[in-house]
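Working notes for the structure below.
The values are calculated or read from the model by the stated rules, or taken from the named source; none is laboratory data. Just so we're clear, the structure is a prediction, and the values are computed from it rather than from any experiment. When we count neighbours, we look across all protein chains shown, and the Cβ atoms used for this are built from the backbone with ideal geometry, even at glycine.
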Amino acid sequence: MGLIKRIREHSFELQHFIILFVILAIFQFALTYLNKYSAESLISNTMKLYKEDSVEKLANLSTTTLELLIENNLSKDISEATRDEIEEAFNIIFSQQTLQENINEICILITFNDEIYTIDDGASLYSYFFQHRLPSLDNNKHLYAIDQYANFKDEFKKSEKIVSIMSDDHSFYNFVPLVLRGEFQGAVYLKITPNIETITEGIIDSYNQMSIIFTSLVLFGLLAMFYITSFTVEERDETRELLFKESEAKLKREVEYKKESLFTKRIYHVHHKAEKVMGFIKEEIRNLNTSNIENFKYITSKYANFVSRVIYDMKWYDAPIHATRNPMFNSNINEILTFQVNHIFNRVYGHDSGYKFDLDLDENMKNVMVNEYVIWEVFEPIIQNAIEHNNHDEMIVTIKTHYDSRNRKGYIYIKDNGTGIPPELLEQDDDGIQKMFKENYSSKTESINSGYGCYLANEIANRKCGWLLKAENREEGGASLIIIIPKM
C-alpha cells in the first residue's frame, strides 16, 4: 500500500521519466547497432586491404633490401671505410621505426643451437654475416617476436612464406624469410601499427547527422522534463533546506549537551580527589620539620598544582587545546607514575591494606608535551579501577612502561592479579571502542555513580592527549589496561 501511495503522489514526474527513458533506450539501441555494425565492417575490410596492399609489401621490401645489401658485399674485400658505409646502410633500414610512425619494431631473428637471437643494429648484423660472430643473447628484447617465431620456425623454414599476424589492436606482426644465395638464414620481423585516424574521422563524419538528431531529441526531452519538474524541485529544495537547518541546530544542541555532560561528570569525578589531595597537604603540613622541608616543597607543590588544574578545568567544559598539549610541557611519565604510587595510592592503601604496587619503569621512556596534571586524570582512575576490582588475597598492581624506539611509541601497562574483566565489557561497539570505556558500563552494581572512571580516562586520553586505551585479560589471571602513546 505504501508503494502504491508513493507512485500516485509522484505520478506526474514518473510518467515523464518513463517517456524519456523509452525514447533514450530506442534511439540508443538503434544507434549502437548501426555504429557497431558499420564500424566493424569498415575497419575489418580496410585492415584486410591494408595488410595485402601495404603491410606485407613493406615487410618484403625491407627484407629484399637487406638481402641485396648483404649478398652484394659478401664476396668483396671490405675496408674500414666500406664497413662503416655498410653498417650505416643497415642502420638506415633498422631505423624505419623512427622514420615511419606506423613501424613500431624491426629486427632480424636467427637460430643457432636451438637459441633464437635478435639483431636490430648495423654493427651486430655486419658482425654476424661478415665476421661470423653471434650477437649477444638478450631475451629481454623483442619478446613477442621470439615467442611467436619459436612456435612456427620449423614450418616457416620449410615453406619460406611470409607470416602475418594481426592483433586485436590492429597491429600487424610480420615475419619475412631471409634467404641469402638460396640458403635460409632466419626471418625479418616488423611490427606495423597503421594509423587509422583517417578511417575514424570518416566513421565520425558518416554518423554526424544521426548523432545530431539523437542529441536534439535528448535535448528537447530534457528541456521539457526540466520545465515540468522545476517547480517541484524548487519546493523540494526549500523543504530540504529547512530540514537541514533544523537538523544542524539539533546536532549543535546535542554536541553542546554532550560537552556539558562530560564536563559535569569530569568535575564530579575529580572534585573528591581534590578534596583528598587537600587532606594530604594538611598531613604534610603537620609533619613538616627542618629535616624534610625540601621534600615537603616538592610534594605539596605537586598536590597544589593538581588542585589548581581541577579549578582551572571548572572554568569551561571545552578548554583550549594549548592548555593540554603544548611544546612548553615536558612531562616525565615515569616520574608521574612514581609520584602517584608513592604519594597518593600508598597513602590511601598502606602496607597494612594488603595492596602492593610493583613499578617496572623503562628508563628510555621519552617525555611528552602534555600537561602533567591532565596525565594524572588519565592514570589515576585506571589505577584506582585496578585496585577496586582486585579481590585477590595478595593484591598486586603492576605498573610498567616501555618505549619502542623503532616505531617511536610508548606503552604503559597497568596490570592486576584479580579476577579479570567480564568478556562482555571487552567487546567493541560500532566505533571500535570497548564497552568498558563507554559511559555507565561497569562491573560494579552496587554504586549508582560507577562507570565514569574508565570512560573519563578514555575521553581525556583520546580527545585531549591523542593516546589510545586498550583493555584485555591476562593469561595468568587478572586484567591489563594498556595506554599507547604514538609518535613520542
Considering only the range 355-387, state which residues are surrounded by fewer than 17 Cβ atoms within 10 Å (Cβ to Cβ) and more than 39 Å from the chain's Cα centre (by Cα). LYS356, ASP358, LEU359
With the condition kept exactly as written, say whether any residue in the range 352-375 is on the phi > 0 side of the Ramachandran plot and not β-branched (Val, Ile, Thr). yes
Residue set TYR117, TYR144, TYR173; condition part of a strand (DSSP E or B) and either outside the structural domain of TYR189 (by TED's automatic domain parsing) or under 43 Å from the mean Cα position of the chain (by Cα) (or both); output residue TYR173
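Kindly evaluate ARG325 against the criterion of being out of contact with any strand residue (DSSP E or B) (no Cβ under 9 Å at 6 or more places or on another chain) and either within 26 Å of SER301 (Cα to Cα) or loosely packed, with under 15 Cβ neighbours inside 10 Å (or both).
Criteria not met by ARG325.
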With respect to THR98, is the statement that it is farther than 30 Å from ILE212 by Cα and modelled with pLDDT of 80 or more true? no
Going through the range 124-156 in order, the residues found to be among the aliphatic types (A, V, I, L, M) and either surrounded by 15 or more Cβ atoms within 10 Å (Cβ to Cβ) or without any contact (Cβ under 8 Å) to a residue 12 or more places away in the chain (or both) are LEU125, LEU143, ALA145, ILE146
Out of (1) of a type outside the set (A, V, I, L, M); (2) surrounded by fewer than 16 Cβ atoms within 10 Å (Cβ to Cβ); (3) within 30 Å of ASP77 (Cβ to Cβ), the odd one out for SER159 is which? (3)
Need pairs with beta-carbon distance below 6 Å; first residue in contact (Cβ under 8 Å) with a residue 12 or more places away in the chain and more than 11 Å from ASP362 (Cα to Cα) and within the range 397-421, second part of a strand (DSSP E or B) and β-branched (Val, Ile, Thr); sequence gap 6+ or separate chains. TYR413/ILE482; ILE414/ILE399; LYS415/THR398; ASP416/VAL397; ASN417/ILE396
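Conditions (1) at pLDDT 85 or above; (2) of a type outside the set (S, T, N, Q); (3) under 30 Å from ASN326 (Cβ atoms); (4) in contact with a Phe, Trp or Tyr (Cβ under 9 Å, 6 or more places away or on another chain), marked per residue:
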position	(1), (2), (3), (4)
SER447	no, no, no, no
GLY451	no, yes, no, yes
GLU459	yes, yes, yes, yes
GLY466	yes, yes, yes, no
LEU469	yes, yes, yes, yes
GLU472	yes, yes, no, no
GLY477	yes, yes, no, no
ILE482	yes, yes, yes, yes
Assigned to a loop (DSSP other than H, G, I, E, B) and farther than 23 Å from TYR411 by Cα: is that true of LYS315 in this structure? yes
Counting only residues that are among the acidic types (Asp, Glu), give me the strands (runs of 3 or more DSSP E) lying completely in the range 321-439 with at least 2 of them. 355-360
Only one residue in PHE130, PHE94, PHE90, PHE152 is under 16 Å from VAL179 (Cα atoms) and of a type in the set (Phe, Trp, Tyr). Which one? PHE130
